[in-house]
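**Q** First, the structure itself, so that you have it in front of you.
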There are 2 protein chains.
Amino acid sequence: MLASLPRPLGLVPTMGAIHAGHLSLVDRARAECATIVASIFVNPLQFGPSEDFERYPRAFESDCSQLEVRGVRIVYAPAVDVMYPAGFDTHVDVGDVASRYEGALRPGHFRGVATVCLKLFNAIGPDAVYFGQKDAQQCAVVGAMLRDFDLPIRMVTCPTVREPDGLALSSRNVYLSEEERAAAPSLYAALSAIRDAISSGERSRESAIALGRAKLVAPAKEAYLDIVDPTTFAPRDPVVPPCTVIGSVWLGTTRILDNIPIA
Amino acid sequence: MLASLPRPLGLVPTMGAIHAGHLSLVDRARAECATIVASIFVNPLQFGPSEDFERYPRAFESDCSQLEVRGVRIVYAPAVDVMYPAGFDTHVDVGDVASRYEGALRPGHFRGVATVCLKLFNAIGPDAVYFGQKDAQQCAVVGAMLRDFDLPIRMVTCPTVREPDGLALSSRNVYLSEEERAAAPSLYAALSAIRDAISSGERSRESAIALGRAKLVAPAKEAYLDIVDPTTFAPRDPVVPPCTVIGSVWLGTTRILDNIPIA
């Protein structure tokens, strides 16, 4: 707990490989907080055995430089065996909000996310934490944890930062081949089509999703497209705002995800 | 978080039905803290469906009087639906320390204990929390959670308070019939015999436990007797201090438990 630093204290939790999306969180934190702490920790607990923990991009020096330029004075970057020493054995058991979509495709992922977030929050003692809307289900899971565990922490969700062609920034975009990169924006196009249909009064979940599905461009292959309650991540049917249009596509062995909230 | 109260702030979590054991925790907290908060909450999450949640003794007015006399100025006694509102769905997943003994006899019990403790700790923000050695496995589970979740809270374990005949104080002792009450101290006698054997150099777990078992008096019926590591609650075999001699007996439909730590 960083008790003697100027308050409010804002925490921006990251896995490093800092991009403009992370920096937008820092900017928001700087506008609201007297002290900004960023954490950089590639959390093994949230990767499945066949996932990309080992090859996940790491760029510690460059990350620190970028964060410092934007006003971050403290970076918390613990070693894995400091975070999870021998005997570590207590976890956060996330509820139904974590059961579908990313939770179903990545068993144990949100358990790992929630556990590391709780540890970071307890170690640092922030007044506010900053997350990207891009990982909407993560926001819902962490929000549920904050509420259910009575944590006196304000959660701030910041808008998704996109490439000019609509692709949401992600540290995993570097995995994409040229062909995959070219097809990647069709996910945002699909989500936008669903959003537009809902805005125009479409209330059938199936019909709205079908309109989006038609926008996907090969080799993008649907992992899921849906319209959900932003808090519970249960499917919304019939579609009634507020809701979140969520989607994920496979591009080769890489899977990307995105979403559009509708107020 | 009770941010404006004099520090250090000590929390004594209870389920009410205050007895001299609870008051000894308050006394210890008063010696160490500028502010003492006691919580009174009969936590449904830590009772099994066939357990005694409904008939668990409740005495709120008398509890508050007793706590006030000993220096408690704040009692936190939330209603069940304040603690667990609709949609509550995040829990603490306790590890192997919770798997045996009380954890095996009461599936879900320690998950409920750890979850409510984390909520109480987050809501109140104590510097120190006070638990009774009587519930040794609970102390180990909560201690593991504090450590694994990086909670900046000191845990203080206070010695078990006993009746003159050795029976550990417990709110559940009121359930015992006259005959059961007469046999109840044989649990402490059994644990003491095991402790004496270890102190005299006995290193065989089986032999030490057999000596204790012989002390049990009908109708007391063994639920478990064992010698464990005080932190992991794994059986210690051969017996090497530090260890904790633990035991539990059935007396009719009531089960009592006790332990003796060996440094």
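The values are calculated or read from the model by the stated rules, or taken from the named source; none is laboratory data. Note that the structure is predicted; figures quoted are calculated from it, not measured. Quick reminder, even Gly has a Cβ in these numbers, built from the backbone with ideal geometry, and neighbours come from all protein chains shown.
**Q** Restricting to the range B:251-263, name every residue that is polar (S, T, N, Q) and surrounded by fewer than 22 Cβ atoms within 10 Å (Cβ to Cβ).
**A** Applying the first criterion (polar (S, T, N, Q)) to the range B:251-263 yields B:253-254, B:259.
Selection gives B:Thr253, B:Thr254.
**Q** Hey, another quick one. Could you tell me whether A:Val249 is in contact with a Lys or Arg (Cβ under 9 Å, 6 or more places away or on another chain) and hydrophobic (A, V, I, L, M, F, W, C)?
**A** Yes; evaluated as a whole, the condition is true for this residue.
**Q** Just to be sure before I move on: is B:Arg58 assigned to a loop (DSSP other than H, G, I, E, B), more than 26 Å from A:Ala114 (Cα to Cα) and within 14 Å of chain A (Cβ to nearest Cβ) in the structure I sent?
**A** Details: assigned to a loop (DSSP other than H, G, I, E, B): yes; more than 26 Å from A:Ala114 (Cα to Cα): yes; within 14 Å of chain A (Cβ to nearest Cβ): no.
Judged against the criteria, B:Arg58 is not a match.
**Q** Of the numbered conditions (1) crowded, with 18+ Cβ neighbours inside 10 Å; (2) within 14 Å of another protein chain (Cβ to nearest Cβ); (3) assigned to a helix (DSSP H, G or I), A:Arg100 fails exactly one; give the number of that condition.
**A** (3)
**Q** Kindly provide the set of residues from the range B:104-115 that are buried (at least 21 other Cβ atoms within 10 Å of the Cβ) and in contact (Cβ under 8 Å) with a residue 40 or more places away in the chain, ordered by number.
**A** First pass over the range B:104-115, keeping only residues buried (at least 21 other Cβ atoms within 10 Å of the Cβ): B:109-110, B:113-115.
Of everything in the range B:104-115, those that are buried (at least 21 other Cβ atoms within 10 Å of the Cβ) and in contact (Cβ under 8 Å) with a residue 40 or more places away in the chain turn out to be B:His109, B:Phe110, B:Val113, B:Thr115.
**Q** Would you confirm whether or not the range A:165-174 contains a residue that is of a type outside the set (A, V, I, L, M), touching a residue at least 40 places away in the same chain (Cβ under 8 Å) and within 14 Å of chain B (Cβ to nearest Cβ)? Break it down into steps so the answer makes sense when it comes.
**A** Initial filter on the range A:165-174 (of a type outside the set (A, V, I, L, M)): A:165-166, A:170-173.
Adding the requirement that they be touching a residue at least 40 places away in the same chain (Cβ under 8 Å) leaves A:170-173.
Cutting the leftovers down to within 14 Å of chain B (Cβ to nearest Cβ) gives us none.
Checked the range A:165-174: no residue is of a type outside the set (A, V, I, L, M), touching a residue at least 40 places away in the same chain (Cβ under 8 Å) and within 14 Å of chain B (Cβ to nearest Cβ).
**Q** Among the residues in the range B:67-83, are any of a type in the set (D, E, K, R), under 18 Å from B:Leu120 (Cβ atoms), without any contact (Cβ under 8 Å) to a residue 40 or more places away in the chain and not in a loop (DSSP other than H, G, I, E, B)?
**A** The answer is yes, given that some residue of the range B:67-83 is of a type in the set (D, E, K, R), under 18 Å from B:Leu120 (Cβ atoms), without any contact (Cβ under 8 Å) to a residue 40 or more places away in the chain and not in a loop (DSSP other than H, G, I, E, B).
**Q** In the range B:140-162, which residue that is among the hydrophobic types (A, V, I, L, M, F, W, C) and more than 24 Å from A:Ala114 (Cα to Cα) is surrounded by the most Cβ atoms within 10 Å (Cβ to Cβ)?
**A** To start, the set of residues in the range B:140-162 that are among the hydrophobic types (A, V, I, L, M, F, W, C) comprises B:140-142, B:144-146, B:149, B:151, B:153, B:155-156, B:158, B:161.
Still in the list and also more than 24 Å from A:Ala114 (Cα to Cα): B:156, B:158, B:161.
On the way: B:Val156: 16, B:Cys158: 20, B:Val161: 18.
Ranking the qualifying residues of the range B:140-162, first place goes to B:Cys158.
**Q** Look at the range B:52-71 and say how many of its residues are within 12 Å of B:Ile40 (Cα to Cα) and among the aliphatic types (A, V, I, L, M).
**A** The qualifying residues number 2.
**Q** Which residues, taken from the range B:24-39, are surrounded by fewer than 19 Cβ atoms within 10 Å (Cβ to Cβ), out of contact with any Pro (no Cβ under 6 Å at 6 or more places or on another chain) and either closer than 19 Å to B:Leu118 by Cα or of a type in the set (A, V, I, L, M, F, W, C) (or both)?
**A** The initial filter retains those residues of the range B:24-39 that are surrounded by fewer than 19 Cβ atoms within 10 Å (Cβ to Cβ), namely B:27, B:30-32, B:34.
Subsequent filtering for residues that are out of contact with any Pro (no Cβ under 6 Å at 6 or more places or on another chain) retains B:27, B:30-32.
Once the filter is applied, which keeps residues that are surrounded by fewer than 19 Cβ atoms within 10 Å (Cβ to Cβ), out of contact with any Pro (no Cβ under 6 Å at 6 or more places or on another chain) and either closer than 19 Å to B:Leu118 by Cα or of a type in the set (A, V, I, L, M, F, W, C) (or both), the range B:24-39 yields only B:Ala31.
**Q** Are any residues in the range A:212-238 part of a loop (DSSP other than H, G, I, E, B), out of contact with any Ser or Thr (no Cβ under 7 Å at 6 or more places or on another chain) and not basic (Lys, Arg), and if so, which ones? Spell out how you get there, then give the answer.
**A** In the first step, residues of the range A:212-238 are kept if they are part of a loop (DSSP other than H, G, I, E, B); the result is A:214-220, A:229-234, A:236-238.
Still in the list and also out of contact with any Ser or Thr (no Cβ under 7 Å at 6 or more places or on another chain): A:214, A:218-219, A:229, A:231-234, A:236-237.
Of everything in the range A:212-238, those that are part of a loop (DSSP other than H, G, I, E, B), out of contact with any Ser or Thr (no Cβ under 7 Å at 6 or more places or on another chain) and not basic (Lys, Arg) turn out to be A:Ala214, A:Ala218, A:Pro219, A:Asp229, A:Thr231, A:Thr232, A:Phe233, A:Ala234, A:Asp237.
**Q** Looking only at the range A:128-160, count how many residues are at the interface with another protein chain (Cβ under 10 Å from one of its Cβ atoms), not aliphatic (A, V, I, L, M) and not in a helix (DSSP H, G or I).
**A** The total comes to 3.
**Q** Residues A:Ile40, A:Ile74: which one is closer than 22 Å to B:Asp148 by Cβ, more than 11 Å from chain B (Cβ to nearest Cβ) and among the β-branched types (Val, Ile, Thr)? Can you show your working first?
**A** Numbers: A:Ile74 fails: closer than 22 Å to B:Asp148 by Cβ.
From the options A:Ile40, A:Ile74, the qualifying one is A:Ile40.
**Q** A further question on this structure: Scan the range B:239-249 for residues that are part of a strand (DSSP E or B) and among the aliphatic types (A, V, I, L, M) and jot them down.
**A** Pass one, the range B:239-249, residues part of a strand (DSSP E or B): B:243-249.
Answer for the range B:239-249, where residues must be part of a strand (DSSP E or B) and among the aliphatic types (A, V, I, L, M): B:Val245, B:Ile246, B:Val249.
**Q** Which of the residues belonging to the range B:176-211 are part of a helix (DSSP H, G or I) and among the basic types (Lys, Arg)?
**A** Here is the first cut: in the range B:176-211, the ones part of a helix (DSSP H, G or I) are B:178-183, B:185-199, B:205-211.
Correct list: B:Arg181, B:Arg195, B:Arg205.
**Q** Just name the residue that is nearest to B:Asp52 (Cα to Cα) out of those in the range B:237-250 that are aliphatic (A, V, I, L, M) and surrounded by fewer than 24 Cβ atoms within 10 Å (Cβ to Cβ).
**A** Within the range B:237-250, the match that is nearest to B:Asp52 (Cα to Cα) is B:Val239.
**Q** Within the range A:9-48, how many residues turn out to be in a loop (DSSP other than H, G, I, E, B), touching a strand residue (DSSP E or B) at 6+ places or on another chain (Cβ under 6 Å) and either within 19 Å of A:Asn173 (Cα to Cα) or not assigned by TED's automatic domain parsing to the domain that holds A:Val129 (or both)? Don't jump to the end; show me each part of the working.
**A** If we filter the range A:9-48 for residues that are in a loop (DSSP other than H, G, I, E, B), which is where we start, we get A:15-19, A:33-34, A:41-43, A:47-48.
This time we only want the ones that are touching a strand residue (DSSP E or B) at 6+ places or on another chain (Cβ under 6 Å), so: A:16, A:33.
The next check asks that each one be either within 19 Å of A:Asn173 (Cα to Cα) or not assigned by TED's automatic domain parsing to the domain that holds A:Val129 (or both); those that pass are A:16.
Residues flagged as in a loop (DSSP other than H, G, I, E, B), touching a strand residue (DSSP E or B) at 6+ places or on another chain (Cβ under 6 Å) and either within 19 Å of A:Asn173 (Cα to Cα) or not assigned by TED's automatic domain parsing to the domain that holds A:Val129 (or both) within the range A:9-48 amount to 1.
**Q** May I pose another question? I'm trying to understand the selection: among the residues of the range B:42-87, which are surrounded by fewer than 12 Cβ atoms within 10 Å (Cβ to Cβ) and acidic (Asp, Glu)?
**A** Hits for the range B:42-87 are B:Glu54, B:Glu61, B:Asp81.
**Q** Being buried (at least 20 other Cβ atoms within 10 Å of the Cβ) and either in contact (Cβ under 8 Å) with a residue 40 or more places away in the chain or of a type in the set (D, E, K, R) (or both) narrows it down to one of A:Ser177, A:Ser186, so name that one. Steps first, please.
**A** Details: A:Ser177 fails: buried (at least 20 other Cβ atoms within 10 Å of the Cβ).
Going through A:Ser177, A:Ser186 in turn, the sole match is A:Ser186.
**Q** Evaluate the following for A:Ala17: is it loosely packed, with under 15 Cβ neighbours inside 10 Å and hydrophobic (A, V, I, L, M, F, W, C)? If you could, list the steps in order and put the result at the bottom.
**A** On the way: loosely packed, with under 15 Cβ neighbours inside 10 Å: no; hydrophobic (A, V, I, L, M, F, W, C): yes.
It is false that A:Ala17 is loosely packed, with under 15 Cβ neighbours inside 10 Å and hydrophobic (A, V, I, L, M, F, W, C).
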